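Mind having a look at this structure? Questions to follow.
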Amino acid sequence: MPGMSSGHIDVSIEHKRADPAQRDGEKEHPNTCPGCGSHYRDDELAEHLRVCPQCGHHFPVRAPERVSQLADAGSFEEEDAELRSADPLEFFDLKPYTERLAQAEMDTGLGDAILTGKASIDGHPCRIAAMDFSFLGGSMGSVVGERFARACERAAEDGAVVVSVSASGGARMQEGILALMQLPKTVVAVGELHDSGGTLISVLAHPTTGGVTASFASLGDVILAEPGALTSFAGPRVVAQTTREKLPDDFGLAESNYRFGHVDAVVPRQDLRPTLARLLRLFRGKG
């Protein structure tokens, strides 16, 4: 079903690899740029905000690193870290859902696929909700929806702006209807934020697909996207198979969505923090 993500399936978002070593079956360098084939150490990539200095390819960013890139040093205070997903369906595919959750938490150090809390960006208070694709494909289950909704509720109470950074394969398959219920839940949360006079700034990172695209990620007062980010409900492979048509090479990418007016700006990662700071200054002064 489109929009449902198991957290481990192919969501048709991989870029073509430029490194011939991978085509020969050799192990690829872990920080190989899929755009130009350049290799980097972790510290080199971190210094460039995980953007290839040769070709500009934007590597994925984990949620804690994203927060450190955007928030003022020492300003972020995580909220709702204690929330964990339950397993009401007792879901089992190749392994129990509870085991998948435990493994994801061990691998990422996160309790679920979103990190939320209050922070400031260039001195402007806000709340940040940053998703992490490394946690079960950034899939949206009940905890992701609850943490996002609480961030909106708190922002509505204290007049802060919510900055969301999306990276998701869709609603979490293992939670069934409970995952799908997070779509209307987060939409209502954004609506109540707006009713209070609050603001949502939505940043679409690669990939933002499925139920997250169909809910809060598309409801920002301002919607930004990183270069090359896939931002569509279904991935290009699924759409091509369903319609039996050849799609444009840039189908669903940030640049295509910008041309059609689905996003307000495509912002390179090095410009994202100053752009958000300007927007926060604008929206904090609107009242």
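The values are calculated or read from the model by the stated rules, or taken from the named source; none is laboratory data. Nothing here was measured: the structure is a model prediction, and the numbers come from that model. Counting neighbours? That spans all protein chains shown, and the Cβs are built from the backbone with ideal geometry, glycine included. Side chains included, ligands, DNA and RNA excluded: accessible areas come from the protein's heavy atoms. Shrake-Rupley method; radii C 1.70, N 1.55, O 1.52, S 1.80 Å.
Let me cross-check Leu178: its accessible surface, 1.4 Å probe, with only protein heavy atoms counted, in Å² to the nearest 10?
Around 60 Å² of this residue is reachable by solvent.
How about Lys95: which aspartates and glutamates have a C-alpha closer than 20 Å to its C-alpha, ignoring those fewer than 8 places off in the same chain?
Asp10, Asp87, Glu105, Asp107, Asp112, Glu175
According to the square roots a ≥ b ≥ c of the eigenvalues of the Cα gyration tensor, what is the shape class of segment 114-183, taking rounded for a/c under 1.5, prolate for a/b larger than b/c otherwise, and oblate for the remainder?
Values: a/c = 3.61, a/b = 1.81, b/c = 1.99.
Oblate, since a/c reaches 1.5 and b/c is not below a/b.
Ok, one more. Relative to the present Cα-Cα distance, how much length would full extension add between Cys55 and Asp195 at 0.36 nm per residue of separation? Present the calculation step by step, with values, prior to reporting the outcome.
Numbers: separation 140, 0.36 × 140 = 50.40 nm, distance 4.26 nm.
Going from the current span to full extension adds 46.1 nm.
Follow-up. By how many nm would the segment from Ala102 to Ala265 lengthen if fully extended, with 0.36 nm per residue of separation less the alpha-carbon distance? Kindly include the intermediate steps, with their values, before the conclusion.
Values: separation 163, 0.36 × 163 = 58.68 nm, distance 3.73 nm.
Result: 54.9 nm gained on full extension.
Something else: With loop defined by DSSP as not H, G, I, E or B, and exposure as at most 15 other Cβ atoms within 10 Å, which is the longest segment of the chain clear of exposed GluC sites (Glu not before Pro)?
Numbers: sites that count: Glu14, Glu26, Glu28, Glu82, Glu90, Glu245.
Answer - 91-244.
Given the rule -39500 (n - 2.57) for each run of at least 4 DSSP H residues, summed and divided by the residues of the chain, what is its mean residue ellipticity at 222 nm, to the nearest 500 deg cm²/dmol? Intermediate values should be presented prior to the final figure.
Working: 11 runs with 100 residues, N = 287.
-10000 deg cm²/dmol, from helical runs alone.
Could I ask something else about it? Would you mind pulling out the separation of the Cα centroids of segment 91-126 and segment 231-285, in Å?
Cα centres, segment 91-126 to segment 231-285: 24 Å.
Continuing with the same structure: Once you've got the GNM for the chain with C-alpha springs shorter than 10 Å, pick whichever of Ser256, Ser142, Ser68 has the biggest mean-square fluctuation.
Highest fluctuation among the options: Ser68.
Give a residue-ordered list of calculated ³J(HN,Hα) values for segment 52-69 (Karplus: 6.51 cos²θ - 1.76 cosθ + 1.60, θ = phi - 60°; whole Hz; x for Gly, Pro).
5, x, 7, 10, x, 4, 9, 6, x, 10, 5, 4, x, 5, 4, 4, 5, 5
Let me ask another. Tell me, what is the per residue accessible area of segment 43-149 in Å², probe radius 1.4 Å? Don't jump to the answer; show the numbers that get you there.
Numbers: 4600 Å² over 107 residues.
Result: 43 Å² per residue.
Label Asn31 and Arg281 with points 7 Å out from Cα along Cα→Cβ: what is the distance between them in nm?
So the label points at Asn31 and Arg281 sit 3.3 nm apart.
In segment 40-100, which trypsin sites (Lys or Arg not before Pro) are in a loop and have at most 14 other Cβ atoms within 10 Å, using DSSP for the loop call? Each step should come with its number before you reach the end.
Working: sites: Arg41, Arg50, Arg62, Arg66, Arg84, Arg100; in loops: Arg41, Arg50, Arg62, Arg84.
Sites meeting the loop and neighbour criteria: Arg41, Arg84.
Right, next: For segment 197-255, which trypsin sites (Lys or Arg not before Pro) are both in a DSSP coil and crowded by at most 10 other Cβ atoms within 10 Å? Mind dumping the intermediate values first?
Details: sites: Arg237, Arg244, Lys246; in loops: Arg244, Lys246.
Here the trypsin sites (Lys or Arg not before Pro) that fit, given the DSSP loop and packing criteria, are Arg244, Lys246.
Which of the aspartates and glutamates could a cross-linker span from Lys246 if the Cα-Cα distance has to be under 18 Å and same-chain partners fewer than 8 positions apart are dropped?
Glu14
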